[in-house]
Amino acid sequence: MPAPMPTYLPWLMTAGFGWMYYRRLRRHFGWQPWQPRRTLARIVILALVAAMLGLAAAFVPHVAAGMAVGALAGIALGWFGLKHTRFDAREGRRGYTPNPWIGGALSLLLVARLAWRWQDGAFSQGMAPGAANASPLTLGLAAALVCYGLTQAIGLHLSLRLRYKP
């Protein structure tokens, strides 16, 4: 018999996810210094997550269409966001000012969807785990967010590397 989950664990997980999302949303506002290593790490991590989402779509066919639409929307929004990003150098540091509305709206939309699913009991212990509970909308939003971030990171890296050569 598995050990029971401590009663405070959901609160800790919620606080941890809240902190992560606060940090993520904060990166969508104001001038951001470019950090090449962090951008490359983000590209690698998001590419791996995108590959895992693609693998999940292959093994859970009822979510594949939602994930494909989400991925295409994320790529389109990432490209649109790059067109509305300002690149400049301040005090000798390369940086950018992102469009706050696109990334912020996608992040809040995913949080709202996860909260909706949580309220419906999708993450409770009473429901059977696995692919049967996978929601095409939730995974489509996740794919949109991952592909948006990947498109943004690749575009930032290419734009800032080419515009401001040392």
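Since every read-out is calculated from the coordinates, none of them should be taken as a lab result. In this text, all values refer to a predicted model and were calculated from it rather than measured experimentally. Backbone-built Cβ (ideal geometry, glycine too); neighbour counts: all protein chains shown.
So for the stretch 45-99, Kirkwood radius off the Cα pairs, Stokes-Einstein at 25 °C and 0.890 mPa s: how many µm² s⁻¹?
This corresponds to a translational diffusion coefficient of 183 µm²/s.
Collect residues whose amide H, placed 1.01 Å from N in the peptide plane, falls under 5 Å from the amide H of residue 94; neighbours closer than 5 in sequence don't count.
Counting only residues 5 or more places away or on other chains, the set is 34.
Per DSSP H run of at least 4 residues, take -39500 (n - 2.57); add these up for the chain, divide by its residues and hand me the 222 nm value, nearest 500 deg cm²/dmol.
Taken over the chain, the calculation gives -23000 deg cm²/dmol.
Can you give the FRET efficiency for residue 84 and residue 23, using 1/(1 + (r/R0)^6), R0 = 22 Å, r = Cβ-Cβ distance, to the nearest 0.05?
The pair residue 84/residue 23 has a calculated efficiency of 0.50.
Within the chain, which whole H helices from DSSP have a Cα span along their axis of at least 20 Å and a mean Kyte-Doolittle hydropathy of 0.0 or more, if any?
36-59, 64-83, 100-119, 136-163
Based on Cβ point charges of +1 for Lys and Arg and -1 for Asp and Glu, what charge dipole magnitude is obtained for the chain about its Cα centre, in debye rounded to the nearest 20?
Dipole magnitude for the chain comes out near 880 debye.
Let me know the shape class of the stretch 8-101, please: from the alpha-carbon gyration tensor, a ≥ b ≥ c as square roots of the eigenvalues, rounded when a/c is under 1.5, otherwise prolate if a/b is greater than b/c, or oblate.
oblate
Computed over the Cα atoms, what is the radius of gyration of the chain divided by 2.2 N^0.38 Å, N being its residue count?
Relative to the rule-of-thumb radius for its length, the chain sits at 1.18.
Report the full-extension gain for the segment residue 105 to residue 12: residue separation times 0.36 nm, less the Cα-Cα distance, to one decimal in nm.
Additional length available on full extension: 31.0 nm.
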